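What follows is a set of notes on a single structure, which appears directly below.
The values are calculated or read from the model by the stated rules, or taken from the named source; none is laboratory data. Fair warning: this is a prediction, and the values are worked out from it, not measured in the lab. Glycine gets a Cβ as well: all are built from the backbone with ideal geometry, and neighbour counts include every protein chain shown. Quick note on the areas: whole protein, heavy atoms, side chains included, nothing else; ligands and nucleic acids left out. Shrake-Rupley method; radii C 1.70, N 1.55, O 1.52, S 1.80 Å.
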Amino acid sequence: MIEAVATIGAGQAAAVAVRTLRRAGFEGRIEMIGDEPDRPYQRPPLSKEYLASGDDEGLFLLPEQWCEENDVRLRLGQPAVRISPADAGVELADGTLVAADAVLVATGGRPRRLPAAAAGERICYLRTIADSDRLRSHLRPGARLIVVGGGFIGAEVAATARGLGCQVTVVEALAVPLLPVLGPAVGAACARLHQAHGVDLRLAESVAEVSESTAGVVVTTSSGARIEGDVLVVGIGCEPNVEVAARSGLAVGNGVIVDEHCRTSVPNVLAAGDIASHWHPLFGERMRVEHFDNASKQAAAAARCLLGRGGPYADPHWFWSDQYDVSLQYAGHASGADELVVRGSLDDLDFCAFYLRDGLIRAAFGVDRGAEVMAAKELIAGQVRVPAGVLADEDADLAELAEAALLDESLEEELA
């Protein structure tokens, strides 16, 4: 019987797991161990609302009063070193042993670094509140921002900076942004979104050299182009923080290896969130997902597993990104898709794109098409086969199809 739970990490996944445990009636001791000094908080606003304003309303996840009322102890600014199954606890950097008979590893990730860039005041990475605060101090009207990386984080920072009146140049090594995820046609549409808002988008260009002075920063690209700016932000993805897990004898490989129940290779040790390389029973492959929604749902699944109440974690995954005046949403896992079906217009940036493999929807990505993306998510979860012509038809109600599938009704009549 589990009497004490510790989380290594005090971010989104850990906070949701702790809330789930208490709401499910777990009465044992709970301790959250985090190496950051701040209380558990959400990261998505760091590149959007919080970056723009510095307003932390709604940013923090577990109010102090809630922790007191629910007997949750926060050990902040106290890095963990290893899990010690023999001692039934977690060893901290200062030698303290936090007793626990079950542990959730939720150590997240850290930004990938540019090999060519030395650290400096004008060279920023974005992961923490302090990172966002430092970047914001440079974002004033007319400031020249250089963004390396055209993925979701780089794109959100670029959009936020344009909203603050900054001049923005994005350097992206691929032919279009998000090419591995969205493919060339949809990636090109995302490129047009930023160009329409005045972003200088340098595609198929990588960073060859970065230099910094008290006056600014200069990026030299692979083509020899020289870009001058006041500040540089690097958004080229994250790498998982596996060090504690590796020292503890957990199986690792692009994250901490877990099964479909979030269980690691060590009994009573689970992992969730950005760190978890999980087996996905729906897609039949292993994946590590760096999304807010996944961190929340996977952490809840891990908590239920600790209580002996959990089934397989098979959520199709869902992600959103607010950029300029549009909402981008993505559901599923497009890897291996062999057909792209577009409803709406890529040129007008008003569409939902469906990624199919062998006639089944694997993923959907939409611009201001949230309802269709969410309907597609249900169709993906139900493995419902929908003809390409129906997916492309603006008059076909995907929500009704999804509802019919959930009710186990025959789709033959719906599609006749």
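Descriptive notes on the structure:
- Separation of the Ser335 and Leu360 label points, Cα + 7 Å toward Cβ, nm: 1.6
- Taking only the C-alpha atoms of region 292-367, Rg followed by Dmax gives 15.6, 50 Å.
- Solvent-accessible area of region 1-95 (1.4 angstrom probe, protein heavy atoms only): carbon and sulfur portion equals 44 percent.
- Region 247-306 and region 115-192 have Cα centres lying 29 Å from one another.
- Cα-only radius of gyration and Dmax that characterise region 290-416, units Å: 15.5, 50
- The modelled label-to-label distance for the pair Glu209/Ala86, using points 7 Å beyond Cα in the direction of Cβ, is 5.3 nm.
- The coefficient of translational diffusion for region 345-390, derived via Stokes-Einstein from the alpha carbon Kirkwood radius under 37 °C and 0.692 mPa s, stands at 303 µm²/s.
- The alpha carbons of region 1-155 give a radius of gyration and a Dmax of 18.1, 60 Å, in that order.
- Label-to-label distance, nm, for residues given as Glu239 and Phe60 (7 Å Cα→Cβ offset): 3.3
- Extension gain from Glu403 to Leu307, taking 0.36 nm per residue of separation minus the Cα-Cα distance: 31.5 nm
- Of all accessible heavy-atom area on region 261-330, the percent that carbon and sulfur account for (1.4 Å): 51
- In the context of the full set of protein chains, the chain has a per residue accessible area of 42 Å² (1.4 Å probe).
- Relative compactness, region 111-181, computed as alpha-carbon Rg over 2.2 N^0.38 Å: 1.10
- Here region 177-218 is scanned for amide nitrogen atoms under 20 Å from the site 7 Å beyond the Cα of Asp368 along Cα-to-Cβ, giving 186-199.
- A simple packing score, the average count of other Cβ atoms within 10 Å per residue, orders the peptides 298-307, 282-291 as 298-307, 282-291, with the highest score first.
- Divided by 2.2 N^0.38 Å, where N counts the residues, the Cα radius of gyration of the chain comes to 1.03.
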